[in-house]
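The next block holds one structure in the form of structure tokens; read it before the comments.
The values are calculated or read from the model by the stated rules, or taken from the named source; none is laboratory data. Keep in mind it's a predicted model, so treat the numbers as computed, not measured. For neighbour counting, all protein chains shown are included, and Cβ atoms are generated from backbone atoms with ideal geometry for every residue, glycine included. Accessible surface areas use protein heavy atoms only, side chains included; no ligands, DNA or RNA. Shrake-Rupley method; radii C 1.70, N 1.55, O 1.52, S 1.80 Å.
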Amino acid sequence: MKILVVNAGSSSLKYQLIDMETEAVLAKGGVERIGLPGSLLKAKGNGKEKVYEKDMPNHKVAIELVLHALQDNEIGVIKSMDEIGAVGHRVVASGEYFKKTTLVTPEVLKTLEEKTFELAPLHNPAAATGLRACIEVMPKTPMALVFDTSFHATMPEKAYMFGIKYEDYKEYGVRKYGAHGTSHKFVSKEAAKYLGKKPEELKIVTCHLGNGSSISAVDGGKCVDTSMGFTPLDGVLMGTRSGCIDASAVEFLARKKGLNHADMVTYLNKQCGVAGISGVSSDFRDLDNGAKEGNARCALALDMFNYQTKKFVGAYAAAMGGLDCIVFTAGIGENSPGVREGVCEGLEFLGVQLDKAENAKRVDGIHEVSAKGSKVKVLVIPTNEELVIARETAELL
Ligand code: ADP
């Protein structure tokens, strides 16, 4: 079966067509600037790339063009739309309404639209728009919703509850949901496979470190805690997000800066994090360069990021009562030896021994960067969220 994976943003739509027999990516691409002047599709297939410049006023026109590209006589990889067995849609937030990958029915669509938008106002409405467009263009093809939050649904109550009034948790659903679940799931499974163990035998801390960063405790193959909270603002400081901060400081800052609630949330999401600390950039490559040139605020931003990430690793080792493996993934986790070294430094007491020379190397695929004999294995594993979405969709069918 071939599965189309769709990740719709408000003005973008990324896709991959995956053959589930071989798990090979047959075609992939992305539409940019939907509803804006200069919209275009960059599509790959058959080892070739093609750019389609076309006015795309909405997601329906965009998905029609994607289907056209999939059947194109140059870069096309299918003869008819009927070859697509199902579509898997990435959805950021599920609240408590969906605990796992869900087949789309009119009822499901209604719940998605009426209940979850306020949990992820930037992401979920876009996913629903992409979904509606696909339903219109492919009315007979099954659609699945794959949630970033599902992998975290196994967290125990003591881990996901905030210390607020229980009645308010019940009434408003305010609790920890986490994010990047497909990534944490993928890399923790890959780690078990690499180590030749069953997931049930392992206590793993997975560090998804990218523009958004989250750390998860995966005990016996199940997520038992994660650093992102009610929204992806929580946890470690990130590119432009503050990470966790005393709620009273938020109120104090809002008052001093004359910001209303919405503006304050925007401030914490867009102007803080390593970009706010360094005053230079949200990109870790720029911070590395700045720190090397003696910029103390760039160095501080990196120190804070490594320190906060390390604290989650330690906390999760304690939460699980042990640690067998640390996994680094996503843009920073896969590409920054400095961050990996900074996070692992000082964790020797837990049995973590990094091989610094190995860690400095760039290797394709899974890369073991712990020293021979290190009690805790340290692995760099490239993430593949699309493959997880395709697998979940195929399993559901
Ligand atoms: P997203 O969360 O948007 O999916 P990514 O996982 O692609 O983000 O991560 C993007 C980040 O990865 C960039 O902002 C950059 O800081 C970081 N990054 C990419 N390459 C490197 C590198 N060679 N060294 C350090 N950081 C890097």
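Before moving on, here are some points about what is shown:
- Residue in the stretch 208-221 that is hydroxyl-bearing (Ser, Thr, Tyr), outside the structural domain of Val236 (by TED's automatic domain parsing) and in contact (Cβ under 8 Å) with a residue 24 or more places away in the chain present: no
- Cβ-Cβ distances below 6 Å connect the following pairs, each with a first residue in the stretch 266-294 that is more than 23 Å from Ala254 (Cα to Cα), a second residue that is away from the ligand (no atom under 13 Å from the Cβ) and not hydroxyl-bearing (Ser, Thr, Tyr), and a separation of six or more residues or different chains: Ala291/Ala299.
- Here Ala360 meets the list (1) open to solvent by 20 Å² or more (accessible area, probe 1.4 Å); (2) not assigned by TED's automatic domain parsing to the domain that holds Gly322 almost entirely, failing just condition (2).
- Qualifying residue in the stretch 303-312 (condition: surrounded by 22 or more Cβ atoms within 10 Å (Cβ to Cβ), within 23 Å of Phe186 (Cα to Cα) and not polar (S, T, N, Q)): yes
- Count - residues of the stretch 6-28 that are of a type in the set (A, V, I, L, M) and farther than 15 Å from Gly45 by Cα: 4
- Residues within the stretch 347-374 that are closer than 19 Å to Met320 by Cβ and not charged (D, E, K, R), tallied: 7
- Note on the stretch 304-329: residues that are part of a helix (DSSP H, G or I) and more than 15 Å from the ligand (Cβ to nearest atom) amount to 13.
- Remark: Gly290 matches the filter, which requires a residue to be open to solvent by less than 40 Å² (accessible area, probe 1.4 Å) and farther than 30 Å from Phe349 by Cβ.
- Residue that is nearest to Ala93 (Cα to Cα) [pool: residues in the stretch 175-227 that are aromatic (Phe, Trp, Tyr) and more than 12 Å from the chain's Cα centre (by Cα)]: Tyr177
- Counting only helices (runs of 4 or more DSSP H) that sit wholly inside the stretch 98-186, those with at least 2 residues that are open to solvent by 10 Å² or more (accessible area, probe 1.4 Å) and in the same structural domain as Leu67 (by TED's automatic domain parsing) are 106-115, 124-137.
- Total residues in the stretch 257-282, condition open to solvent by less than 70 Å² (accessible area, probe 1.4 Å), within 16 Å of the ligand (Cβ to nearest atom) and among the aliphatic types (A, V, I, L, M): 3
- Residue check, Met238 out of contact with any helix residue (DSSP H, G or I) (no Cβ under 8 Å at 6 or more places or on another chain) and either within 28 Å of Phe147 (Cα to Cα) or surrounded by 17 or more Cβ atoms within 10 Å (Cβ to Cβ) (or both): no
- Within the stretch 5-20, one or more residues are over 20 Å from the mean Cα position of the chain (by Cα) and over 30 Å from Glu171 (Cα atoms).
- The condition of being within 16 Å of the ligand (Cβ to nearest atom) and touching a strand residue (DSSP E or B) at 6+ places or on another chain (Cβ under 9 Å) does not hold for Val378.
- For Lys311, the stated conditions hold: it is within 21 Å of His180 (Cβ to Cβ) and free of Cβ contacts under 8 Å to residues at least 12 places away in the same chain.
- Pairs where the first residue, in the stretch 321-343, is free of Cβ contacts under 8 Å to residues at least 40 places away in the same chain and the second is open to solvent by 10 Å² or more (accessible area, probe 1.4 Å) and more than 7 Å from the ligand (Cβ to nearest atom), C-beta under 7 Å, 6+ apart: Pro337/Ala360; Glu341/Leu354; Glu341/Lys356
- Condition check for Arg285: within 16 Å of the ligand (Cβ to nearest atom), assigned to a loop (DSSP other than H, G, I, E, B) and not hydroxyl-bearing (Ser, Thr, Tyr): no
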